[in-house]
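Have a look at the structure below, then the notes.
The values are calculated or read from the model by the stated rules, or taken from the named source; none is laboratory data. Just so it is clear, the structure is predicted and the values come from calculations on it, not from any experiment. All Cβ positions, even for glycine, are placed from backbone atoms using ideal geometry, and neighbour counts span all protein chains on display.
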Amino acid sequence: MADTTYKIIELVGTSEKSWEDAARNAVEAASETLKDLRIAEITRLDMTIENGKVKNYRARVNLSFRVFPSHTIEDGFLPNDSKR
């Protein structure tokens, strides 16, 4: 198996219902544009308050995804090829 490299990004997901939904929203939004997501780590939870009531739950998420080398043409596909 070849060596693999991952990138970690920080996201903030929000929800009017729960921290769990906020974290899920962050991961699902990222999955629309990023491929090969691996690990999501919740690093912080907080809320926004309006008029003394919770308005939104917020989850800060570190998300890792695989970084593909640019020389994958040798493997028979390009980095944005749908064969992955």
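Among all residue pairs at least 6 apart or on different chains, which show Cβ distances below 8 Å where the first residue, located in segment 19-36, is among the polar types (S, T, N, Q) and the second is surrounded by 13 or more Cβ atoms within 10 Å (Cβ to Cβ)?
ASN25/GLY13; ASN25/THR14; ASN25/SER15; SER31/LEU37
Out of segment 12-27, which residues are surrounded by 12 or more Cβ atoms within 10 Å (Cβ to Cβ) and either among the acidic types (Asp, Glu) or in a strand (DSSP E or B) (or both)?
VAL12, GLY13, THR14, SER15, GLU20, ASP21
From the list SER82, SER64, pick out the single residue that is at pLDDT below 95 and among the small types (Gly, Ala, Ser).
One residue alone meets the criteria, SER82.
Can you name the number of the only condition in (1) closer than 20 Å to PHE68 by Cβ; (2) of a type in the set (D, E, K, R); (3) in contact (Cβ under 8 Å) with a residue 12 or more places away in the chain that GLU16 fails?
(1)
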